[in-house]
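*Asks:* My questions will all concern the structure given below.
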Amino acid sequence: MQNIFFTCWRAVLEVLFPSCCAACGHKLIQEEREICSSCLVAIPRTEHAAISDNGIDMLFAERIHLEHRKIRYERGAAFAYYNRDRGQVLRQLIERGKFGTNPNPEVFYVLGREAAREYVGSALLEDIDMLVPIPLHSRRLRERGFNQAEYICKGMSEVLHLPIDTEHLVRVRNNPHQSRSQFDKRESNVRDLFAVRYPEEWKDKHILLVDDVITSGSTLFECMKQLSAIRGCRVSVFALGWAHN
Ligand SMILES: [Zn+2]
């Protein structure tokens, strides 16, 4: 009885306050959630699932080589382009989702789910043990109210049925707002930002680190460095957007 009441109440609310697409503002139809089908289709995919040694792999391979690090990096991918020219739709969704007048975590959930659907059965996800969202510092988490990377993981997990671990990787220091800082300042911004609690529990695990956007890759690289100290721990990376010039 209660369920019927809530279904009817939701239907009434939907008529009075119809949900709109977070990108184009058009009214959503019943099976759509947060983003309309046209905007989801318009997001320019990188097609990384089909490309070995893609741009993300090259970015981290070069970094690992330059810093002579012993990092057990496996694979990487970004779902779509985030550039000003090609990636406007995704850019709009991510920026509105994080910084708009009404930040909306559900946008990240829907994007994570959409991305995961396109990576099912791909090499990227082979033998992954868990999804690990890049953590926000507690102060930023309080300000925003949610961690967008965690919502991406929730959407991915619905499709992939992989567990999400938000307990082990922690951010120990806050950093200035990255999207507004200079590229060359980023390297010093991200040093010693992360730590792993109870690292022995990640021994021999294959972790998929998940973030919203990869720009220089410095944040993810700092996390990788922490994981490299754990025996047998391997790491792959995934982001919704790739700000590639
Ligand atoms: Zn739309």
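No lab work stands behind these numbers, since they all come straight from the coordinates. Every value quoted in this text rests on a predicted model; they were computed, and no experiment measured them. Virtual Cβ from ideal backbone geometry, glycine too; neighbours counted across all protein chains shown.
*Asks:* Do you know the relative contact order of the chain, to the nearest whole percent, from alpha carbon pairs under 8 angstrom that are 6+ apart?
*Replies:* Relative contact order of the chain: 22 percent.
*Asks:* A follow-up question, please. To the nearest 20 debye, what is the magnitude of the charge dipole of the chain about its Cα centre, counting +1 on the Cβ of each Lys and Arg and -1 on the Cβ of each Asp and Glu?
*Replies:* On the way: 33 positive and 32 negative charges, 162 e Å.
Here the size comes out at about 780 debye.
*Asks:* Now a separate question. For Thr166, Thr101, Thr215, which order do you get if you count the other beta carbons within 10 Å of each Cβ and list the fewest first?
*Replies:* Thr101, Thr166, Thr215
*Asks:* Mind sorting His26, His65 by how few other Cβ atoms lie within 10 Å of their own Cβ, fewest first?
*Replies:* Sorted ascending by nearby Cβ count, the order is His65, His26.
*Asks:* So, one more: So which aspartates and glutamates pass the test for Lys27, namely a Cα distance under 16 Å, with those fewer than 8 places away in the same chain ruled out?
*Replies:* Straight-distance partners of Lys27: Glu14.
*Asks:* Please order Tyr119, Tyr109 by the number of other Cβ within 10 Å, starting at the fewest.
*Replies:* Result, fewest neighbours first: Tyr119, Tyr109.
*Asks:* Which links in Lys98/Lys225; Lys154/Lys225; Lys70/Lys205; Lys203/Lys225; Lys70/Lys203 stretch past 21 Å when you go from one Cα to the other?
*Replies:* Values: Lys98/Lys225 27 Å; Lys154/Lys225 25 Å; Lys70/Lys205 16 Å; Lys203/Lys225 15 Å; Lys70/Lys203 16 Å.
The pairs that break the limit, which is 21 Å between Cα atoms, are Lys98/Lys225; Lys154/Lys225.
*Asks:* Label points 7 Å out from Cα along the Cβ direction at Glu158 and Glu31: separation in nm?
*Replies:* So the two model labels end up 1.4 nm from each other.
*Asks:* Just to be sure I understand: with springs between alpha-carbon atoms less than 10 Å apart, which residue in Glu126, Glu114, Glu222 has the highest mean-square fluctuation in the Gaussian network model of the chain?
*Replies:* Checking each option, the largest mean-square fluctuation is seen for Glu126.
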